[in-house]
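Please treat every number below as a calculation from the coordinates, not as lab data. Just so it is clear, the structure is predicted and the values come from calculations on it, not from any experiment. No Cβ is skipped: glycine too gets one built from the backbone with ideal geometry, and neighbour counts run over all protein chains shown.
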Amino acid sequence: MPCHFDPTLFEFLILEGAQAGLSWLTILRKRENYRRAFDGFDVEKIARYGEQDVARLLADAGIVRNRLKIAAAIDNARATLALHESGGSLDTLFWQFVDGQPAINRWRKLDEVPVYTPAATALAKELKRRGFRFVGPTVIYSHMQATGMVNDHLVTCPRHAELI
């Protein structure tokens, strides 16, 4: 479903980064643990995390205990906060890469669905320029799918028609 709510866009960005190299199901099963461990994905709180918080997160078996992914989540909170402080939003930043409307694809088979697109590559590049991490084109395309920026439901899926 199309999402324009910055807190949810931020949550999904953190979860997509955590998912890199793992199955999405693994992260979905840990989602509530992430919410607890990362203060409900409160950008301002996470942006203030220090070494003590990193140590706490590395000891939390309920999340993926990867130092680089944890550091990226903190850096992404700081980059999001900087974006907000400059008058911007994740919503405006992300959705400009699809002209404010979900891209509607008409895939018939799963193997037709790309792992990234030029729009995802451009958004990833812009995010990196702004200080975001773990935001490569594949991670960002997955984020675009999860937040409804692209409709990659197969045409045989009832959700495809619902989202047109």
Go through region 93-104 residue by residue and turn each phi into a ³J(HN,Hα) via Karplus (6.51, -1.76, 1.60, θ = phi - 60°); whole Hz please, and just put x for glycine and proline. 4, 5, 6, 5, 7, 10, 6, x, 10, x, 6, 9
What FRET efficiency comes out for residue 110 versus residue 58 if R0 is 30 angstrom and r is the Cβ-Cβ distance? Round to the nearest 0.05. 0.25
So what is the relative contact order of region 21-161, in percent, for Cα pairs below 8 Å that sit 6 or more residues apart? 21 percent
With a sphere of radius 13 Å drawn around the Cβ of residue 5, what net charge do the other residues whose Cβ falls strictly inside it have (Lys, Arg +1; Asp, Glu -1)? -3
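Which ordering of 153, 4, 143 is given by a fewest-first count of other beta-carbon atoms within 10 Å?
Fewest-to-most ranking of 153, 4, 143: 4, 153, 143.
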Gain upon complete extension [residue 65, residue 155; 0.36 nm per residue less C-alpha separation]: 28.7 nm
Eight or more residues apart or on different chains, and alpha-carbon atoms under 23 Å: count the Lys pairs in the chain matching that. 6
Which of the trypsin sites (Lys or Arg not before Pro) found in region 68-122 are loop residues per DSSP with 13 or fewer other Cβ atoms within 10 Å of their Cβ? 106, 108, 109
Long-range HN-HN contacts of residue 150 with modeled amide H, under 5 Å: 103, 145
Low-density loop positions, GluC sites (Glu not before Pro), region 102-164 - DSSP coil, at most 13 other Cβ in 10 Å: none
